[in-house]
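The values are calculated or read from the model by the stated rules, or taken from the named source; none is laboratory data. In this text, all values refer to a predicted model and were calculated from it rather than measured experimentally. Cβ coordinates were reconstructed from backbone atoms using ideal geometry, including for glycine residues, and neighbour counts include every protein chain displayed. All accessible areas refer to the heavy atoms of the entire protein, side chains included, with ligands and DNA or RNA removed. Shrake-Rupley method; radii C 1.70, N 1.55, O 1.52, S 1.80 Å.
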Amino acid sequence: MEQRHLGRTGLRVSRIGLGTLTWGRDTDEHDAAEQLKAFWEVGGTLVDTADVYGGGEAEYLLGRLVEGLVPRHDLVIATKAGSVADPYPRFNGSRGHLLAALDASLERLGTDYVDLWQVHAFDPVTPLEETLQAVDLAVSTGRARYAGVSNFCGWQLAKAATWQLASPGVRTRLASTQMEYSLLQRGVEREVLPAALDLGVGLLPSSPLGRGVLTGKYRTGTPADSRGASEVLAPFVEPYLDDPARRIVDAVATAADGLATTTLQVALAWVRDRPGVVAPIVGARNAQQLTEALSVEALSLPDEICQALDDVSAPVHRYPDQDWSTL
């Protein structure tokens, strides 16, 4: 699998990442092991998790599989901290919480360091400089090799990345931002992606298949074994089952028919090759689904197909996101 630099850093990662959101909850150890082995065998390196996935079970499961199944040095392990189970507050970006969470993650993962440590979300209560102090401490103490953020809007990312660039050699450059991005969700193109491109921050798209909808599986109903039929994940999928989404999925299916491939591969290839994107994070229910996603490595979409998909899924960008002189 092709490797790409993560932002403006020396860290190289596979251009498709393996997500573990359902590990330890809907994905058991056997299925997780099959996924990790299939991913590693085709040259995949970036494995993304978080301390809250499965209540910590995803990290624990990944830690059990590493070394016994896949050499630790062959993987780029990324985890996150900052989300908390208590809905009030939903996020905790304090230095104390973040560093304690990192230590707990390292214990579950069975490793001395993570390759990429990400602040899971912006905490509006904790001063941003305190949150970023935790990032600097994590890297300076060797517990994390690189750092990034997740779910930061445009101004939040710009402020954090600029703060870290203010004193080169003292603060840790942000390598990445992880945000939802797909043909069904192009909101990052308004401000997040321009900020990331300008500041040298690599984008790691989550839910690159529109929460599974872009696979085409929901075109004729909701499969019984799908996330849309899951009590836990149905509300996660439901927003992308409306008429505008159906029109986009139909367009992807038409493109797939013309290219003799699948809707999944067309949708994933589109987001993988967008400007600023480093590696979409793909979460699969089983190894068979993951193998289909990984086969996208050989697919490059023709320019005319990309343009057609751009047009049918184009978000509305007006003032002040659009050049005011054209309004």
Being in contact with a helix residue (DSSP H, G or I) (Cβ under 7 Å, 6 or more places away or on another chain) and in a loop (DSSP other than H, G, I, E, B) is the filter; apply it to region 301-324 and report the residue that is most open to solvent (accessible area, probe 1.4 Å).
P315
Testing L116 on (1) assigned to a helix (DSSP H, G or I); (2) surrounded by 22 or more Cβ atoms within 10 Å (Cβ to Cβ), one condition comes back false. Which one is that?
(1)
Looking at E29, E67, E2, E34, which one is touching a residue at least 12 places away in the same chain (Cβ under 8 Å), on the phi > 0 side of the Ramachandran plot and among the acidic types (D, E)?
E67
Only one of T45, T9 is open to solvent by 10 Å² or more (accessible area, probe 1.4 Å), farther than 25 Å from D225 by Cα and over 15 Å from the mean Cα position of the chain (by Cα). Can you tell me which?
T9
Report, by residue number, each residue of region 96-111 that is crowded, with 19+ Cβ neighbours inside 10 Å and over 22 Å from G24 (Cα atoms).
L98
Quick one: count up the residues across region 123-162 that are over 14 Å from S176 (Cα atoms), open to solvent by 40 Å² or more (accessible area, probe 1.4 Å) and in a loop (DSSP other than H, G, I, E, B).
5
Would you confirm whether any residue within region 243-256 is polar (S, T, N, Q) and over 25 Å from S295 (Cα atoms)?
no
Determine if region 186-198 includes at least one residue that is among the hydrophobic types (A, V, I, L, M, F, W, C), in a helix (DSSP H, G or I) and at pLDDT below 95.
no
Within region 254-277, the count of residues that are touching a residue at least 60 places away in the same chain (Cβ under 8 Å), open to solvent by 10 Å² or more (accessible area, probe 1.4 Å) and among the aliphatic types (A, V, I, L, M) comes to 1
Can you confirm whether region 66-82 contains a residue that is in contact with a Ser or Thr (Cβ under 8 Å, 6 or more places away or on another chain), in a loop (DSSP other than H, G, I, E, B), at pLDDT below 95 and open to solvent by 20 Å² or more (accessible area, probe 1.4 Å)?
no
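Residue-by-condition table, conditions (1) under 21 Å from A121 (Cβ atoms); (2) not basic (K, R):
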residue	(1), (2)
P168	no, yes
G187	yes, yes
G212	no, yes
R227	no, no
F236	yes, yes
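Any residue in region 108-124 that is touching a His at 6+ places or on another chain (Cβ under 6 Å) and charged (D, E, K, R)?
No, every residue in region 108-124 fails to be touching a His at 6+ places or on another chain (Cβ under 6 Å) and charged (D, E, K, R).
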Take region 265-291 and flag every residue that is among the β-branched types (V, I, T), in a helix (DSSP H, G or I) and over 11 Å from Y181 (Cα atoms).
V266, T291
Residues of region 199-230 that turn out to be part of a loop (DSSP other than H, G, I, E, B) and within 21 Å of V312 (Cα to Cα), as a count:
8
Can you say whether L18 is under 29 Å from P275 (Cβ atoms), in contact with a helix residue (DSSP H, G or I) (Cβ under 9 Å, 6 or more places away or on another chain) and open to solvent by less than 50 Å² (accessible area, probe 1.4 Å), as far as the supplied structure shows?
yes
For region 178-217, name all the residues that are without any contact (Cβ under 8 Å) to a residue 24 or more places away in the chain and open to solvent by less than 40 Å² (accessible area, probe 1.4 Å).
V188
What are the residue pairs meeting all of these: first residue in region 287-300, first residue more than 16 Å from V271 (Cα to Cα), second residue among the acidic types (D, E), Cβ atoms under 6 Å, and 6 or more apart or on different chains?
A287/E34
